[in-house]
Amino acid sequence: MRFSTFVVVFSAITLPVCVAHAQDTTRRGVTIGLTYDPTSRPGIAVLPATGAFADSIRTIIQRDLDYSDRFTLVPLESADPTTFRGATGTGLNYPIFARLGAAAVVQLTVGDGVLHVALHDVGKAGVMNVQDFRIAGRAYTRDWRMSVHGASDEVERWITGLKGIAQTHIAFVVGQRIHLVDSDGAGDEATPVSGNAMSPSWSGVGNQLTYATFGTTSRIMVYDLRTGHSRLLHNATPSHANLTPVFSPDGSSIVYAHADDDGSDLYLVAADDGAPPRRISVGRGTDNVQPSFSPDGRRLAFTSGRVGHPEVYIMDADGTNAELLTSFDFGDKNYRSDPDWSPDGRLVAFQSQFADGRFQIMTISLRDRSTKLLTSEGSNEQPSWAPDGRHLVFASTRSGGRELWVLDTESGRLRQLSRASGAELPAWSPRLGSSASTTAASRP
């Protein structure tokens with residue numbers, strides 16, 4: 001059954017929240033009982049809103065629903081919310097939304113730091129779900145935006161059964177500093193991380209980043225977003241390097257590459273107890289770098305040069321049973337690297353060099369080793385999956401400079417994320433709550 005059309009309606013009023021909620025209390029927590037067809041893009045219209053910050057909230061939620069790539073936004077010509085009310089002036093005019101090709105209504109009430117959202121099914125002419133969302137912090141701060149993103153993600157879950165990815169961050173590097181940006185490209189801020197930082201990677205709950213530094217010494221660091229402080233995990237001698245650290249899915253350990261005069265191998269170290277690291281790859285003088293855990297933490301994808309050029313391998317997390325994942329032919333341009341295991345465990349994204357010398361983003365299936373080319377314009381590198389296993393962020397030269405772009409792997413839709421020339425090494429966070437996203441630099 002294809003999913004019937006929906007409209008999202010937002011209104012902000014100054015009445016006490018308890019008054020606005022009274023008529024919906026018996027429906028709280030009820031989810032939409034319709035079948036969502038993932039091959040369709042149901043229409044959604046966002047009704048103009050009034051009240052403090054309502055226009056900004058409406059804009060954020062419109063953008064989030066658009067960037068989910070699961071809906072078609074229906075434009076509304078009128079800026080007056082009363083245009084869409086029924087004959088009595090109190091209800092919603094469901095037929096007008098149906099004629100517009102949209103068909104649900106989400107009413108939003110802003111008051112006393114609470115965002116009240118009610119979803120109406122136009123086809124059934126009634127409220128199908130309601131929920132209150134606490135709006136954190138001052139307006140337009142990072143936590144405030146994240147609270148609004150959280151409401152967007154729930155609206156998406158009510159309709160599709162799948163929670164959205166708006167309430168996430170992307171970490172990336174510009175000029176040897178780690179930045180954070182919201183999933184919609186807003187709020188780009190440099191973190192307090194000092195030193196020449198590279199290769200940020202998120203912990204499983206999104207409250208920490210691990211990263212490498214280079215310079216006089218090469219170190220593996222852990223940055224706590226709640227405190228704004230970094231701590232040393234592992235240090236290297238000046239002539240050697242530590243690279244590309246990643247957290248295990250449960251956050252208990254970190255795997256990174258340690259390079260010496262005989263190449264580089266992967267090492268595993270506990271994330272919090274200071275125990276000595278343990279080597280888990282045997283590269284025999286080749287470079288073994290860029291680890292990426294499978295979602296269950298039992299396997300690793302990584303880049304190795306053991307066949308004479310970089311290819312993507314997989315192995316058990318203890319270093320056993322290593323095998324080549326990407327196939328290769330004998331030529332000068334064989335170079336496949338930067339693997340990232342998808343959150344659903346089905347695919348590994350990676351970059352591959354082609355005959356023109358440019359890199360493109362590809363995926364390979366863990367089931368049958370089939371590959372898919374995802375990009376072709378410019379040079380595209382360093383893919384990182386969103387937590388929905390559908391979207392990828394990567395560094396690209398397609399706009400002239402080096403910026404971050406987001407790709408919907410199902411529709412092929414692309415959007416530019418960053419506006420900071422030289423952006424690279426992106427890492428998409430897990431789904432976050434507003435408190436997990438607070439950094440020392442962004443607090444009031």
### Query
Highest GNM mean-square fluctuation, the chain, Cα pairs closer than 10 Å: which of Glu189, Glu410, Glu156?
Glu410
### Summary
Volume per residue (Å³) of the convex hull spanned by the alpha carbons of the range 264-336 is 92 Å³
### Task
Express the Stokes-Einstein translational diffusion coefficient of the range 297-393 in µm² s⁻¹, to the nearest whole number, given a Kirkwood radius over alpha-carbon pairs, 4 °C and a viscosity of 1.567 mPa s.
95 µm²/s
### Message
Tell me the Rg and the Dmax, in Å, that the Cα atoms of the chain produce.
### Response
23.7, 80
### Summary
With Cα coordinates, the longest principal axis of the chain makes an angle with the long axis of helix 142-160, in degrees rounded to 10, of 70 degrees
### Message
Using a 1.4 Å probe on the protein heavy atoms, what percent of the accessible area of the chain belongs to carbon and sulfur?
### Response
50 percent
### Rg(Cα)/(2.2 N^0.38 Å) for the range 195-237, N = residue count
1.12
### Task
Between Arg413 and Thr371, take the C-beta separation as r, use R0 = 25 Å, and let me know the FRET efficiency to the nearest 0.05.
0.75
### Task
Give the accessible surface of the chain per residue, rounded to a whole number of Å², with probe radius 1.4 Å and ligands, DNA and RNA excluded.
41 Å²
### Message
Suppose we look only past 26 Å in the calculated P(r) of the range 213-335. What percent of the Cα-Cα pairs does that tail hold?
### Response
22 percent
### Message
Run the Debye formula on the Cα coordinates of the range 230-286, all scatterers equal and no solvent, and tell me log10 I(q)/I(0) at q = 0.16 1/Å.
### Response
-0.48
### Query
Going from the alpha-carbon gyration tensor of the range 140-254, what semi-axes, largest first and in whole Å, does one get by taking the root of 5 times each eigenvalue?
31, 15, 11
### Query
By how many degrees, between 0 and 90 and to the nearest 10, does the Cα long axis of helix 54-67 differ from the longest principal axis of the chain?
50 degrees
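The values are calculated or read from the model by the stated rules, or taken from the named source; none is laboratory data. A quick note: this is a predicted structure, and the numbers were derived from the prediction, not measured. Cβ atoms come from the backbone with ideal geometry, glycine included; neighbour counts cover every protein chain shown. The protein model used for the area step is the full one, side chains on, heavy atoms only, and it has no ligands, DNA or RNA in it. Shrake-Rupley method; radii C 1.70, N 1.55, O 1.52, S 1.80 Å.
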